[in-house]
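J.: Please see the structure below; I have some questions.
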Amino acid sequence: MINCQRVFKRLAGRNVLDGVDLQVTRGETMVLCGPSGTGKTTLLRVISGLESIDAGRISVDSLPVHSGSARSLKGKVGMLFQHFNLFEHLNALDNIALAPRQVLGLNKAAAHRRAAGLLDDLGLGDKGGHLPAQLSGGEKQRVALARCLAMEPSVMLLDEPTSALDPARTSQVAALVSRLKRDNVATVIVSHDPQFGAQVADRMMALDQGRLVDLDDELPCCDLVAGSWPRVAAALGEWRPAPALHARA
Amino acid sequence: MFDRGMPLQLYLLGNFPEGLLGGLALNVLVALVAFSGSFCLGHGLALGRLSRHRVLRLACGAYVELVRAVPLLIVLFWFFFLMPILLQVALPPLMTALIALTAYASAYQAEFIRTGIRSVAPGEIEAARSLGLSPLATWLRVVLPQAHRHMLPTYASYFTSLFKDTSVLYLVGLVDLMQTGLIAAERAPGRMLEAYATVGALFFIVCWLGSRLASALERWLSPNTHPAARKAQRPHPSTPRRPSQENPHAHA
Amino acid sequence: MLHYDFDWSILLRPQFAELLVDGTLRTLALAAVAGALSFVAGALLALARTSPVAALRWPAELAVEVVRNVPALFWVLFFYFVLPELLPPAWGERLHTWPDYVFAAAAMGLALDNGAYLSDIMRNGMVKVSRGQREAAANCGMSVWQESLCILCPQSLRTMMPAIANRMIHVFKNTSLCVAISLPELSWATQQIESITFKGLEVTLLATAVYATGSLSLAWALSRCFPAPGLTTPWGDRHV
């Protein structure tokens with residue numbers, strides 16, 4: 001599970017994260033919603049250790065995330081980047097097998113078996129030998145996801161998983177998210193697509209002036225960046241969280 | 001009868017095997033050794049310029065910029081004047097020339113390597129970090145393979161350029177292809193044209209082969225940017241990311 | 001460590017100072033003349049290479065291939081030693097007795113070498129601008145010359161200038177090759193002074209400073225006038 005306590009981060013003179021408290025348990029899917037530029041991606045990046053924080057504590061499964069030390073997590077926090085960031089010179093199979101070999105110490109055969117298994121699961125069994133340049137957007141996303149899953153993460157962070165794909169693919173991404181839920185992975189998704197968010201979330205939150213706002217509560221009437229808030233609110237409409245997993249932070 | 005004023009063997013091999021290696025073989029050998037050595041040193045300089053430590057960054061940067069700002073002849077002078085003073089013993093001219101040329105080429109190689117490294121998407125390095133790869137593993141498995149692949153045509157092209165640069169070495173006393181031609185022209189003034197034609201032709205052959213290799217490498221790496229390959233394009237657009245490459249002979 | 005007595009005063013001795021100043025000026029003059037000539041040569045070659053007339057195109061392509069695959073030093077020697085032999089005897093004699101022929105041969109050799117590279121730059125630059133604009137110009141009734149002068153050249157030059165300026169810096173450095181024909185430029189002066197005084201380090205340091213200042217200030221001026229991001233070329237991914 002993820003535990004963020006009083007996290008502060010300043011960027012370009014403003015508090016991008018202003019005392020963020022967040023807990024996400026295993027198997028729970030939390031969606032961070034809202035207009036771009038509000039710091040949602042920054043929150044993902046500090047949880048994964050890619051960026052440092054100015055104050056506060058972050059821990060994953062009781063392991064502290066040291067400021068800016070992504071490597072020390074050894075893949076426990078999987079990050080699905082918005083533009084996938086696949087290794088362009090390696091084929092799909094090698095992309096997935098690289099980290100298990102280098103970090104977990106698996107031998108080549110075992111790593112390739114694991115990679116091939118994941119590709120099969122995700123419907124890419126015949127694409128193992130393809131280079132990233134030869135894959136479609138959806139296929140690249142699944143390879144990137146498999147690359148994270150090969151490290152058996154307890155937390156998955158998804159940065160705008162629908163923005164780089166055709167709108168028609170949203171349901172396929174939702175299927176990937178439900179797979180993560182089935183595997184009991186704590187998932188945080190950043191999305192500017194409120195319909196997608198509503199579809200997959202157990203809990204929906206937003207960042208307002210660097211503070212987390214639980215969307216279960218009354219919508220705050222404040223002046224948010226880009227003014228898309230009224231549209232988000234309208235789109236949420238009849239959404240209600242699933243009662244079993246509805247847990248307030 | 002095409003009389004070069006000297007046997008062709010002299011142009012190609014110098015006095016070898018009776019004496020020292022000379023002629024075209026000397027140029028090729030020096031170019032190969034200097035290219036290999038500078039490739040290794042260039043990595044050190046490139047990584048130094050990208051280092052977190054300010055002193056290292058400035059030192060490597062200063063070396064690269066200074067060497068690229070002066071002619072090869074000046075670098076040769078430096079080594080030929082400095083080495084006897086530093087070492088208190090006279091090195092054979094070939095050795096000094098090799099060291100000087102390697103030091104000169106390292107600055108250029110460092111820039112190519114640095115361009116290549118910068119052409120690798122920073123997102124991939126972040127992905128490697130988030131997967132837990134160590135810095136060394138990231139360099140060896142993710143960054144350098146791609147950096148070198150992107151810059152292969154530039155390396156091939158630079159080898160050709162370095163080979164042409166070796167023609168200057170006769171000014172410091174080596175009997176290379178250029179010197180052989182000049183000696184032939186001097187000994188038989190009536191045959192000057194043939195001598196120059198031979199020298200020119202031999203340089204041309206090696207350089208032309210080098211530039212064909214560079215073009216072939218470029219086509220192999222980016223099949224869809226080459227006009228001939230565009231006719232047989234695959235359905236998925238699949239141009240690998242290429243860095244914009246600078247003229248390898250240019251400064252700045 | 002360094003068993004060497006630095007003697008900076010030799011640089012100030014009149015005969016050596018004169019050699020150095022003279023050499024520097026000649027280097028600059030040679031770079032300027034060769035640069036200008038190479039620009040013209042490059043432009044002509046580029047126009048020939050993009051010409052629809054095959055009789056112009058093939059010789060130009062061949063010439064550029066030959067020139068680029070042979071060292072610049074060869075061309076300098078060629079113009080000085082071989083060209084007078086190729087010309088009719090009367091002309092050859094006049095060239096031999098013309099005292100400035102050393103400078104002229106050096107300039108021509110460097111210009112030819114650089115011109116071949118510039119023609120590549122210009123050809124790529126011109127191709128980029130040509131298509132739709134050529135059609136528009138033809139539509140307006142402009143002649144080929146007007147189209148070239150008013151449409152192609154201004155636009156192409158802007159994108160090509162960084163690469164062209166880079167090559168000009170290269171010409172500046174290449175002037176050192178002309179010690180081969182004993183042109184009294186800066187490197188030649190350095191060599192002379194060293195051979196007389198055996199104080200190589202001081203004079204080489206000075207020569208280094210002059211060359212470095214010239215190259216770096218040209219490069220700095222270039223980066224101010226044309227803020228191109230670092231190591232890119234104006235024509236994109238094509239390597240030269």
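The values are calculated or read from the model by the stated rules, or taken from the named source; none is laboratory data. Treat the numbers as computed from the prediction; the structure is a model and nothing was measured. Because the Cβ atoms are built from the backbone with ideal geometry, glycine has one as well, and the counts that use them run over all protein chains shown.
J.: Among residues belonging to segment A:46-68 that are buried (at least 24 other Cβ atoms within 10 Å of the Cβ) and outside any loop (DSSP other than H, G, I, E, B), point out the one that is farthest from the other protein chains (Cβ to nearest Cβ).
T.: A:Val46
J.: Regarding segment B:223-243, can at least one residue be identified that is touching a Leu at 6+ places or on another chain (Cβ under 9 Å), at pLDDT below 80 and facing chain C (nearest Cβ under 7 Å)?
T.: yes
J.: Further, regarding this structure: Among the listed residues B:Leu144, B:Leu58, which satisfies the condition of being assigned to a helix (DSSP H, G or I), within 29 Å of A:Gly78 (Cβ to Cβ), without any contact (Cβ under 8 Å) to a residue 40 or more places away in the chain and not basic (Lys, Arg)?
T.: Among B:Leu144, B:Leu58, only B:Leu144 is assigned to a helix (DSSP H, G or I), within 29 Å of A:Gly78 (Cβ to Cβ), without any contact (Cβ under 8 Å) to a residue 40 or more places away in the chain and not basic (Lys, Arg).
J.: Right, something else. Could you please find all residues in segment A:1-39 being among the basic types (Lys, Arg) and either free of Cβ contacts under 8 Å to residues at least 24 places away in the same chain or in contact with an Asp or Glu (Cβ under 6 Å, 6 or more places away or on another chain) (or both)?
T.: Scanning segment A:1-39 gives A:Lys9, A:Arg10.
J.: Any idea which of (1) touching a Phe, Trp or Tyr at 6+ places or on another chain (Cβ under 8 Å); (2) within 20 Å of B:Phe163 (Cα to Cα); (3) at pLDDT 90 or above is the one B:Leu41 doesn't satisfy?
T.: With (1) touching a Phe, Trp or Tyr at 6+ places or on another chain (Cβ under 8 Å); (2) within 20 Å of B:Phe163 (Cα to Cα); (3) at pLDDT 90 or above applied to B:Leu41, the lone miss is (1).
J.: Separate question: Yes or no: A:Ala99 at pLDDT below 90, among the small types (Gly, Ala, Ser) and assigned to a helix (DSSP H, G or I)?
T.: yes
So that you can scan it fast, the table gives a plain yes or no per residue for (1) within 14 Å of chain C (Cβ to nearest Cβ); (2) crowded, with 22+ Cβ neighbours inside 10 Å; (3) under 25 Å from A:Leu90 (Cα atoms); (4) not hydrophobic (A, V, I, L, M, F, W, C):
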site	(1), (2), (3), (4)
B:Pro84	yes, no, no, yes
B:Gln88	yes, no, no, yes
B:Leu91	no, no, no, no
B:Ile113	yes, yes, yes, no
B:Ser119	yes, no, yes, yes
B:Pro122	no, no, yes, yes
B:Leu133	no, yes, yes, no
B:Arg149	yes, no, yes, yes
B:Thr154	yes, yes, yes, yes
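J.: Of the conditions (1) over 16 Å from the mean Cα position of the chain (by Cα); (2) part of a helix (DSSP H, G or I), B:Leu152 satisfies every one except a single condition; which number is it?
T.: Failed condition: (1).
J.: What are the residue pairs meeting all of these: first residue in segment A:138-157, first residue within 11 Å of another protein chain (Cβ to nearest Cβ) and surrounded by fewer than 24 Cβ atoms within 10 Å (Cβ to Cβ), second residue small (Gly, Ala, Ser) and part of a helix (DSSP H, G or I), Cβ atoms under 6 Å, and 6 or more apart or on different chains?
T.: Here the result reads A:Met151/A:Ala99, each pair linking segment A:138-157 to a residue that is small (Gly, Ala, Ser) and part of a helix (DSSP H, G or I).
J.: Here are some residues: C:Val64, C:Val76, C:Val82, C:Val70. Which one is within 24 Å of C:Ala180 (Cβ to Cβ), of a type outside the set (S, T, N, Q), within 14 Å of another protein chain (Cβ to nearest Cβ) and part of a loop (DSSP other than H, G, I, E, B)?
T.: C:Val70
J.: When you scan segment A:153-241 for strands (runs of 3 or more DSSP E) that lie fully inside it, which ones turn up with 2 or more residues that are among the polar types (S, T, N, Q) and modelled with pLDDT of 85 or more?
T.: A:186-191
J.: Is it fair to say A:Leu93 is more than 11 Å from chain B (Cβ to nearest Cβ) and assigned to a helix (DSSP H, G or I)?
T.: Taking the combined requirement at face value, the residue satisfies it.
J.: Quick test for you: out of A:Gly39, A:Gly34, A:Gly19, pick the one residue that is more than 18 Å from A:Leu73 (Cα to Cα) and surrounded by fewer than 23 Cβ atoms within 10 Å (Cβ to Cβ).
T.: A:Gly19
J.: Let me ask something else. Kindly indicate which of A:Thr29, A:Thr25 is among the polar types (S, T, N, Q), modelled with pLDDT of 85 or more and either touching a Gly at 6+ places or on another chain (Cβ under 6 Å) or buried (at least 20 other Cβ atoms within 10 Å of the Cβ) (or both).
T.: Working: A:Thr25 fails: either touching a Gly at 6+ places or on another chain (Cβ under 6 Å) or buried (at least 20 other Cβ atoms within 10 Å of the Cβ) (or both).
It is A:Thr29.
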